[in-house]
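Heads up: the structure comes next, in C-alpha cells.
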Amino acid sequence: MAAEPPSWHEGISSDNTKGFILALSSSFFIGGSFIVKKKGLKKAGASGIRAGAGGFTYLYEPLWWLGMITMIVGEIANFVAYAFAPALLVTPLGALSIIISAVLAHIILQEKLHIFGVLGCILCVVGSTTIVLHAPQEREIESVTEVWQMAMEPAFLLYATLVITSAVILIFHFIPQYGETHIMVYIGVCSLLGSLSVMGVKALGIAMKLTLSGVNQLVYPQTWIFAILVATFLLTQMNYLNKALDTFNTAVVSPIYYVMFTSLTILASVIMFKDWDRQSPAQVITELCGFVTILSGTFLLHKTKDMVDGLSTSSPIRLPKHVDDDRYNGLEGIPLRRQESMRLP
C-alpha cells in the first residue's frame, strides 16, 4: 500500500525550502534591479538622449549596468529554484517582486503607494505564504531521462501539441490581422510558449543539479534537446512580448500576462510532473485559493498605481509615440520577473 503523502503540518521539505529561498532572493534582486535601472536611465537621460527617444547613453551609465547585473543574478537564482522546488511553488512567487519594486519605488523614487496598493502587497504575501505552506513535495528524479519520459507521456504530449498549434495559428493567422488592436494575441503567444519554456527550464535545472552532485547529465542527448527547446521558446516569447509592450500600455500588459503565464505554467506542471497526484483535495484547493489571492493583490497593485497616476486600464490602450516613457518606466518593474527580464534594452 502506497504511503500517504506528507501533509503541510509535517514540515516543508528541504528541497522546497531551498527553492523558496532561491525564489525569494530572486524576487529581491529582480524587484530591486528595476529601480536601479530606472535611476540609471534618468541619470543618463539628464546628460544625453533619453532611451525613450531612441538614445543609448544609458549604456555608458554604470548605475544601469548595476541594475542589469542585479537582474541577471536574480534570474540565475530563479533558474536554480526550479531545480529544487515544483513550478507550483516557484512560479507564483514571482509576484513578490511586485512588492519589492513597489516599496522601493515609494522610498527611492518617491512614487506614491496608494493605501490599496499596500493592501495589494499584503494579499501577495498572504497568497505566497499559503502556497509555500501547502506546496507539493518535489519528487525524486535521478536522471534527465526521467523528465524526458514524463514529457513523452500522452497527456503532456497532447498539451504541448495544443499549445504549439495554438501559438502557430496566433502567429501566422491572428497577429497579422489583430496584433495591433487585440492585446490577447501577443500575450497569448508569450503565455502559451512560456508554460513550455518553464518545463524545459526545470528539466535543465534538474540536470544541472544532478551534474554538480556528480551524476553527469551532459552525456544524455535529452539535456541538449531541452536546451534547444528552451532557447527557441524564450526567443519567441521575447519577440512577441516586446511587441506587446511596444504596442500596449505596460500597466495593461503586466497583469494579464502574469495571470495567463502563471496559470498555464501551473497547468503544464500539473500535467507533466503530476504535482497534484501527491496531494489531498484540501491541499489543492488551498493552493488555488493562495494563487487567486496573489492574483487579487497583483491586480489591486496595478489598478491603484493607475489611480495615482491618473491612468485608466479598463481597455488595452495603445501608447502614443510622444508619451513620456519615464512616466511608465516605474511600472515596468512590477510585471512578472520573466516578462521584464526578457525585454530588450
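Computed quantities for the displayed model
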| quantity | calculated |
| --- | --- |
| Candidate lysines for bridging to LYS274, where Cα separation is under 22 Å - those fewer than 8 sequence places away on the same chain excluded | LYS18, LYS202, LYS209 |
| Spacing of the two label points (7 Å from each Cα toward its C-beta) at LYS274 and SER296, in nm | 3.4 nm |
| Cβ-derived FRET efficiency at R0 41 Å, ALA46 paired with GLU140, nearest 0.05 | 0.15 |
| Net length gained if the chain between GLN177 and SER13 were fully extended (0.36 nm per residue, minus Cα distance) | 54.1 nm |
| In nm, spacing of pseudo-spin labels at MET184 and SER25 (7 Å Cα→C-beta vector) | 4.1 nm |
| Extension gain, TRP224 back to ASN239 (0.36 nm per residue minus Cα-Cα distance, nm) | 3.1 nm |
| Per-selection metrics, segment 56-168 (Cα): Rg and Dmax in Å | 19.3, 52 |
| Kirkwood-Stokes translational diffusion coefficient of segment 137-278, alpha-carbon pairs, 10 °C, 1.306 mPa s, µm²/s | 99 µm²/s |
| FRET E, pair ILE76, LEU133, Förster distance 25 Å, beta-carbon r, rounded to 0.05 | 0.45 |
| Binned Cα-Cα distance frequencies in segment 16-111 - 10 Å width, integer % | 18, 38, 28, 13, 2 |
| Highest to lowest packing among 86-96, 123-133, scored as the average C-beta count within 10 Å | 86-96, 123-133 |
| Relative contact order of segment 137-278, pairs being alpha-carbon contacts under 8 Å that are 6 or more residues apart, as % | 34 percent |
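Just so you know, all these numbers are worked out from the coordinates, no wet-lab data involved. Note that the structure is predicted; figures quoted are calculated from it, not measured. Ideal geometry is used to build each Cβ from the backbone, glycine not excepted, and the neighbour counts take in all protein chains shown.
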